[in-house]
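The values are calculated or read from the model by the stated rules, or taken from the named source; none is laboratory data. None of the values given here were measured: they were computed from a predicted structure. Here the Cβ is made from the backbone with ideal geometry for all residues, glycine too, and neighbour counts use every protein chain on show. SASA here: full protein model, heavy atoms, side chains in, ligands and nucleic acids out. Shrake-Rupley method; radii C 1.70, N 1.55, O 1.52, S 1.80 Å.
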Amino acid sequence: MFLARTFLSHFEQSLIKSLENIKFTPSSTTLIALHAPAPKLQPLFDQISKLPSKKIGCLSAPISSKHPISLSLLNIPSSIEHRVWRSTIPGTERAQVGRWYSREQIKRERNEGSMESSPDWNSDTAHPPALPHALQRFVEAKRQ
C-alpha cells in the first residue's frame, strides 16, 4: 500500500520527529519534495538520508510564508511494480559559469539581432520607434 504524507511546519525538529515515526521498508522507493529555507535544509536532509528506502527527490526554497518548511513523501512498496529512472531533457544546455562566447555564437547573435540593439521605449526622442501593429491597435482602443 502506498504511503503519502505532507508535513507543514515552522520548525525542522518537528518534521524530523515525524519522519522518525514512519516505517519504511528497505526495498521500497520514496519520492520526496522538500521546501525549506537554506539554513534548515541540512538537518532535514540528514534525516531523509537515513531513511532505509531508495530515495528520489527535489529541494527548493519555501513555497509558503505561512509554512516555511514543507515535506511531501510518497512511499511505493516493492510489491507494486515500478521502475526508478533518471532522465535528462534533450536540448538543455549545461550550466555555465561566466560569459564565454564562441565566435560562431557572436556571429549568430549579430545576424539575429541582439537585445542590446532593441529600441529604448523610455527615451525622450522626438520620433520614438513605431509600435507593432497589434500593440498599436491596443493603444488606440485604450484612448477611445
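Annotations
- Sequence-distant lysines (8 or more away, or on other chains) whose Cα lies within less than 16 Å of Lys55: Lys23
- Sites matching chymotrypsin sites (Phe, Trp or Tyr not before Pro) across the stretch 1-72 that sit in DSSP coil, with at most 10 neighbouring C-beta atoms within 10 Å: Phe2
- Using a probe of 1.4 Å on the protein chains alone, the accessible area found for Leu31 is around 70 Å².
- For Leu51, Leu59, the ranking by accessible surface with the largest value first comes to Leu59, Leu51, using a 1.4 Å probe.
- Sorting Thr25, Thr30 on solvent-accessible area from highest to lowest, probe radius 1.4 Å, gives Thr25, Thr30.
- In this view, the solvent-accessible surface of His82, computed with a 1.4 Å probe and all protein chains in place, comes to about 60 Å².
- Neighbour-limited loop hits for trypsin sites (Lys or Arg not before Pro), the stretch 1-71 (at most 12 other Cβ within 10 Å; DSSP other than H, G, I, E, B): Lys23, Lys50, Lys66
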